[in-house]
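What follows is a short report on a single structure.
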Amino acid sequence: SNDYAYSYSSRGNVAQKQRKLGLRSRGVNKKFVSPLLSGNESEEINKSEEDWVVSNENLQNIDPKMIEMIRSEIIDTGTSIDWDDIAGLNFAKAAIQESVIWPMLRPDIFTGLRRPPRGILLFGPPGTGKTLIGRCVASQSKSTFFSISASSLTSKWIGDGEKMVRALFAVARSQQPAVIFIDEIDSLLSQRSDTEHESSRRIKTEFLVQLDGASTNSEERVLFFGATNRPQELDEAARRRFAKRLYIPLPEYEARLELLKKLMSGERHSLSQDDFEEIARLSEGYSGADVKGLCSEASLGPIRSISMELIHKIQAEDVRPLMIEDFKSAFQRVKSSVSSEDLKQYVQWNKDFGCGF
Ligand code: ADP
């Protein structure tokens, strides 16, 4: 029989959420098989919230190996992210809150013209918080988060890539509300069709089909985020699927200051407000990831000033606090990773195809 149920533990709130939404299609699989319980219906009611049941008619034709792979490698159960964990990006945050978070929480109000976009493109330089936003949306909308980079879809699943894409969307549907986050989406949906391999063409086609399916079914609560550092590689067909296209730029002065303080809040340091401001000024053009790299480099300063001999026996509390000088030398080693040439391209693409700003 291809009538199977699949169960495992994951974030507790998912089972609870599905019960509330009535999404656990109990009627579909008459025989519920759980490795944790006898399968008795009355027992199921007392089941721990830890049990996450994937038993959906959409999964009947999906290779169980792929479902297992999605569970172990693509579903991201990392720590929950808050809006405050993301420095700056106020425009993108507000746009996302209004157009996707509220609708995810109150689908009954956001119908008709208010229906949210299903596909959202986040574009901009690397290391600016695109993945953080995806994570945050999943946490804030209490959704299951599926995260994968496009290159792993094409490289790991050669020949099976399109089946994997179908499996991914099917599992996401069975776990809704869900957020699917695909990094490097340009490599999947690029316009260089003449050089495309047959297999990547098939993956691309499957993707577009799945995205269309997701946007025509109004009951569905599956959000799709694509992230890219190369938006100009996307063709018209791909662009059309992302109703919302948000520019995620480099952090401004205020955002860098905020990020610096956040990053240093857990460290022993002797930085004054003036020092923080100076570092924020000097890191103009740095991405969020660059600022983080700068802080990591600076944090090695106090360690480097200890002799080899001492490092064996020094007490942790005797390591000196971080100073502005550590940052001054870190600036020599950690530079901005984004060129101004690249930035111009993002700004132009934002003018041509972006939403907002
Ligand atoms: P990408 O835009 O490439 O997806 P990420 O979201 O993965 O970038 O960011 C990489 C890392 O850089 C994050 O884990 C975080 O530590 C830091 N970072 C980047 N941008 C921000 C930001 N706006 N606020 C807080 N941290 C950030």
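The values are calculated or read from the model by the stated rules, or taken from the named source; none is laboratory data. None of these values were measured; they are calculated from a predicted model. Cβ sites come from the backbone with ideal geometry, for glycine too, and all protein chains shown count toward neighbours.
Observations on the structure shown:
Table: residues versus (1) more than 16 Å from the ligand (Cβ to nearest atom); (2) surrounded by fewer than 23 Cβ atoms within 10 Å (Cβ to Cβ); (3) closer than 30 Å to I180 by Cβ.
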{"site": "F225", "(1), (2), (3)": "no, no, yes"}
{"site": "T228", "(1), (2), (3)": "no, no, yes"}
{"site": "L234", "(1), (2), (3)": "yes, no, yes"}
{"site": "L246", "(1), (2), (3)": "no, no, yes"}
{"site": "E258", "(1), (2), (3)": "no, yes, yes"}
{"site": "K261", "(1), (2), (3)": "no, yes, no"}
{"site": "G285", "(1), (2), (3)": "no, yes, no"}
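- Selected residue [over 30 Å from S99 (Cα atoms) and surrounded by 12 or more Cβ atoms within 10 Å (Cβ to Cβ)] from A330, A316, A289: A330
- Search result, residues across segment 117-141 that are surrounded by fewer than 20 Cβ atoms within 10 Å (Cβ to Cβ) and within 14 Å of K244 (Cβ to Cβ): P117
- Segment 56-81 - residue that is away from the ligand (no atom under 16 Å from the Cβ) and of a type in the set (D, E, K, R) and, of those, surrounded by the most Cβ atoms within 10 Å (Cβ to Cβ): R71
- Of all the numbered requirements in (1) over 29 Å from Q345 (Cβ atoms); (2) over 15 Å from the mean Cα position of the chain (by Cα); (3) in contact (Cβ under 8 Å) with a residue 60 or more places away in the chain, I75 misses one, and that requirement is (2).
- Residues of segment 119-142 that turn out to be closer than 30 Å to S199 by Cβ and of a type in the set (S, T, Y), as a count: 1
- The residue that is nearest to the ligand (Cβ to nearest atom), among those in segment 82-101 that are buried (at least 16 other Cβ atoms within 10 Å of the Cβ) and more than 19 Å from R256 (Cα to Cα), is I96.
- The set of residues in segment 106-137 that are away from the ligand (no atom under 13 Å from the Cβ) and in a helix (DSSP H, G or I) comprises G112, L113, R114.
- Residue within segment 141-149 that is modelled with pLDDT under 90 and within 15 Å of the ligand (Cβ to nearest atom) present: yes
- The one condition from (1) in contact with a Leu (Cβ under 8 Å, 6 or more places away or on another chain); (2) surrounded by 16 or more Cβ atoms within 10 Å (Cβ to Cβ) that R268 does not meet is (2).
- The lone criterion from (1) within 16 Å of the ligand (Cβ to nearest atom); (2) surrounded by fewer than 15 Cβ atoms within 10 Å (Cβ to Cβ) left unmet by P251 is number (2).
- Selection within segment 240-265 - touching a Leu at 6+ places or on another chain (Cβ under 8 Å) and more than 30 Å from D326 (Cα to Cα): R241, F242, K244, R245, L246
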